[in-house]
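To start, the structure under review is shown below, and the notes come after it.
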Amino acid sequence: MSPPVAPPAWSRWLVPPAALSVHLSIGQAYAWSVFKPPLESSLNLSGTQSALPFQLAIVMLGLSAAFGGTLVERNGPRWAMTVALICFSSGFLISALGAETKQFWLIVLGYGFVGGIGLGIGYISPVSTLIKWFPDRPGMATGIAIMGFGGGALIASPWTAQMLKSFGSDNTGIAQSFLVLGLSYAVFMTLGVLLVRVPRTEDLKGEDKGKVAANAPGVLSGVQVSANSAVRTPQFWCLWVVLCMNVTAGIGILEKAAPMITDFFADTSTPVTVSAAAGFVALLSAANMAGRIGWSSTSDLIGRKNIYRVYLGVGAIMYALIALFGDSSKPLFILCALVILSFYGGGFATVPAYLKDLFGTYQVGAIHGRLLTAWSLAGVLGPLIVNWIADHQKNAGKHGASLYDTSFIIMIGLLAIGFVANELVRPVNARHHIPAPREAVDVERHQSESA
């Protein structure tokens, strides 16, 4: 499928809504915790087991983004969005069959493996295109799209909770909910497939002032590094550590958000109800979404390294406050969790612009895809730390906030590691740079082939 090139009158502001339609859909992954209690009850699963579909989905997200990044660059955003639509929706349909037949492995296969491939390809599908359309504001541009992934649960969490209430929280009700989600997201993601366009060469160079600011740097100017060269630089691996630590710290809360807040205040005079816990998940999604556009736009003003200092340093302080005082104050617990999730989302939205600053726009989508393998590890590590320790503490007879104290201390240590890695980021050595004429030839050939 050839990438559709924008006609002369095409507005670049139509591209972010196309990206949003995909990211809002695949962002349903962040509402997985709403499915955990009914799955555990209907299929007799532990908290660690019920996290498996989510964990595998995040693993496949990173792996498919890494291996598919070059294909996305070559075939364009429409091809990538189509693949994402097919895989993501099919994952729900397979999961529906698994829930109906009480075959948990089918849910793991469908939601985790097949759906996870859709997550990865869909996640990176618009990034390179958006950076090329908005060379003057890369942080804002990627933030607009990627905030959809963070905000997907804001829609999916209450929607899923209502479906489980209407259909029932047994295996049949779960199956029906999976079915509705799969079909609905297929329709919504089709909008992005139909709307997305890649810029013409003259738009890339900033000659069309209606689309690109007159003073914006040309996409072919400055440092340019190929994906194969980027992975050989220390800058790439420092950013890999930064992303992995920031994601682990955020996803540990997000994956277990609903049962976590219930456990934290179970022994107080104001316990958290199931509906309130679902509302907490939606709030976290809102913070995740707001952080993606708010913090990434801020990074355009104060710089990428400085904003990551905020994510990692202040994030560690938030975790310390929850560990020390969270169970004595519900507003404090909620506020700190919201800040952590805003940093979590902001980290995702800022990293493509950080990569663009370090490696240029040449193959930035492929480099981004390779970097997302950090998300694969974090998707396993974060939920594993929180769930395994909580299960172990519960078996030892502990309850309430004490189920999570050790996990939070570990998260503080991980954020400190990420902070140090961010401080080690330096400009890329000139020996890794690609001469501008070579990239220009590549871009011109890509445009001519797709015309």
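What the table below lists for this structure:
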quantity	calculated
Convex hull (Cα only) mean projected area of region 74-121, reported in nm² to one decimal	2.8
Using alpha carbons only: equivalent-ellipsoid semi-axes of region 227-432, gyration tensor based, whole Å	33, 17, 14
Contour minus Cα-Cα distance for Val314 and Ser184 (0.36 nm per residue)	43.0 nm
In the chain, lysine pairs with alpha-carbon atoms under 21 angstrom apart (chain gap of 8 or more, or interchain)	18
Equivalent ellipsoid semi-axes, region 71-168, via Cα gyration tensor eigenvalues times 5, rooted, Å	31, 18, 8
Cβ-placed point charges (K, R +1; D, E -1), dipole of region 227-432 about Cα centre in debye, nearest 20	680
Helix runs (DSSP H) in the chain reaching 18 Å along axis by Cα, Kyte-Doolittle at least 0.5	52-75, 77-100, 138-167, 171-195, 234-255, 274-302, 330-359, 405-423
Within the chain, helix-based [θ] at 222 nm, where runs of 4 or more DSSP H residues each add -39,500 (n - 2.57), nearest 500	-24000 deg cm²/dmol
Value of relative contact order over region 12-213, rounded to a whole percent, pairs C-alpha under 8 Å and six or more apart	37
Rounded percent of accessible protein surface that carbon and sulfur make up, the chain, 1.4 Å probe	67
For region 12-213, projected area of the alpha-carbon convex hull averaged over all directions, nm²	10.5
Distance (nanometres) between label positions extended 7 Å along Cα→Cβ at Ser329 and Gln103	5.2
Options Leu254, Val187, Ala266, ranked by Cα towards positive dipole end of the chain, top entry (Cβ charges)	Val187
Solvent exposure ordering (accessible area, 1.4 Å, most first) of Trp105, Trp79	Trp105, Trp79
Candidate residues Ile409, Ile121: accessible-area rank, largest first, probe 1.4 Å	Ile409, Ile121
Relative contact order (percent, whole number), the chain, Cα cutoff 8 Å, 6+ residue spacing	26
20 Å-binned pair-distance histogram of the chain (Cα, whole percent)	27, 56, 16, 0
Ordering of 244-253, 185-194 by burial proxy (mean other Cβ atoms within 10 Å per residue, highest first)	244-253, 185-194
Accessible solvent surface per residue of region 30-152, calculated while the other protein chains remain in place, 1.4 angstrom probe, Å²	27
Extension gain, Lys305 back to Ser41 (0.36 nm per residue minus Cα-Cα distance, nm)	90.6 nm
Additional length obtainable on full extension of the chain from Arg426 to Lys394, 0.36 nm per residue less Cα span	7.0 nm
Two-site FRET efficiency, Thr270 against Leu191, from Cβ-Cβ distance with R₀ of 41 Å, rounded to 0.05	0.45
Cα centre as origin, Lys/Arg/Asp/Glu Cβ charges: the chain dipole, Debye	640
Rounded D (µm²/s) - region 335-399, Kirkwood Rh over Cα pairs, Stokes-Einstein at 37 °C, 0.692 mPa s	229
Spin-label model distance (nm) - Asn228 vs Thr70, 7 Å beyond Cα toward Cβ	0.7
Radius 13 Å from Cβ of Ser285, net charge of other residues (Lys, Arg +1; Asp, Glu -1)	0
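The values are calculated or read from the model by the stated rules, or taken from the named source; none is laboratory data. These numbers were taken from a predicted model, which means no experiment stands behind them. Neighbour counts run over all protein chains shown; Cβ positions are idealised from the backbone, glycine included. Calculation scope for accessible area: heavy atoms of the full protein, side chains included, ligands and nucleic acids excluded. Shrake-Rupley method; radii C 1.70, N 1.55, O 1.52, S 1.80 Å.
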